[in-house]
């Protein structure tokens, strides 16, 4: 069971996220004592994932005390593109970035992905980061793909879409999308087709 702690400045936003988490059978909501700082709640409750609604709050203020946290931190922001581009200091802390209006399915898929050790980035955030940062040099070693990512890459080579991949693996389409995004990021690919081509070139997949 994945344990989740919700943090939000406004009561309405916190209630919405807590209701969403509480309504899922795959996760368990954790609630800290009233008035306890977020960092202390995380150290006391030790959740797997911390879901933070920024709602205009400065990210360094919202995430204060989480530097040493082992939990996967997911933030929801009105503009998910700015987080990874304008706030480089927190990149190592974040495991997920989503828009505040993300649907229940997308949020829960991100929670599952982060709890499994993946990074859950909204496509807008990922695209903004790619445009801002230079591509790695050709001599740089590629980030290794996990066994599941290699499996998904093979399905991409078969021409399968996210829904078909999800069906074959028994996961949600959102989780499949996160796997594809992670593969493209590690390979430095700008498209699914390029990811397959790079995979073939590096001997990661055969068709």
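In the same structural domain as residue 104 (by TED's automatic domain parsing) and either surrounded by 13 or more Cβ atoms within 10 Å (Cβ to Cβ) or within 18 Å of the chain's Cα centre (by Cα) (or both): does that describe residue 56? No, not satisfied.
Looking only at residues in the stretch 145-160 that are within 22 Å of residue 98 (Cβ to Cβ) and at pLDDT below 90, the one that is surrounded by the most Cβ atoms within 10 Å (Cβ to Cβ) is 149. Within the stretch 186-207, restricting attention to residues that are in a helix (DSSP H, G or I) and out of contact with any helix residue (DSSP H, G or I) (no Cβ under 7 Å at 6 or more places or on another chain), the residue that is surrounded by the most Cβ atoms within 10 Å (Cβ to Cβ) is 186. Look at (1) surrounded by fewer than 18 Cβ atoms within 10 Å (Cβ to Cβ); (2) at pLDDT 90 or above; (3) within 30 Å of residue 10 (Cα to Cα) and you find that residue 107 fails only one, number (1).
If the condition is being buried (at least 23 other Cβ atoms within 10 Å of the Cβ) and modelled with pLDDT under 80, then the stretch 59-79 contributes only 63. Select from the stretch 17-38 the residues that are surrounded by fewer than 16 Cβ atoms within 10 Å (Cβ to Cβ) and out of contact with any strand residue (DSSP E or B) (no Cβ under 6 Å at 6 or more places or on another chain) and list them in ascending order. Passing the criteria: 19, 23, 25, 26, 31, 33, 34, 35, 36, 37. Annotation note: Cβ proximity below 8 Å between a residue of the stretch 38-67 that is within 20 Å of residue 108 (Cα to Cα) and a residue that is at pLDDT below 75 and surrounded by fewer than 16 Cβ atoms within 10 Å (Cβ to Cβ) (sequence gap 6+ or interchain) occurs for 42/65. A count restricted to the stretch 15-50 and to residues that are within 19 Å of residue 97 (Cβ to Cβ) and more than 18 Å from the chain's Cα centre (by Cα) stands at 3.
Residue-level check: of (1) at pLDDT below 60; (2) in the same structural domain as residue 50 (by TED's automatic domain parsing), residue 138 misses just (2).
The values are calculated or read from the model by the stated rules, or taken from the named source; none is laboratory data. All figures in this text were calculated on a predicted structure; none of them were measured in a lab. All Cβ positions, glycine included, derive from the backbone under ideal geometry; neighbour counts span all protein chains shown.
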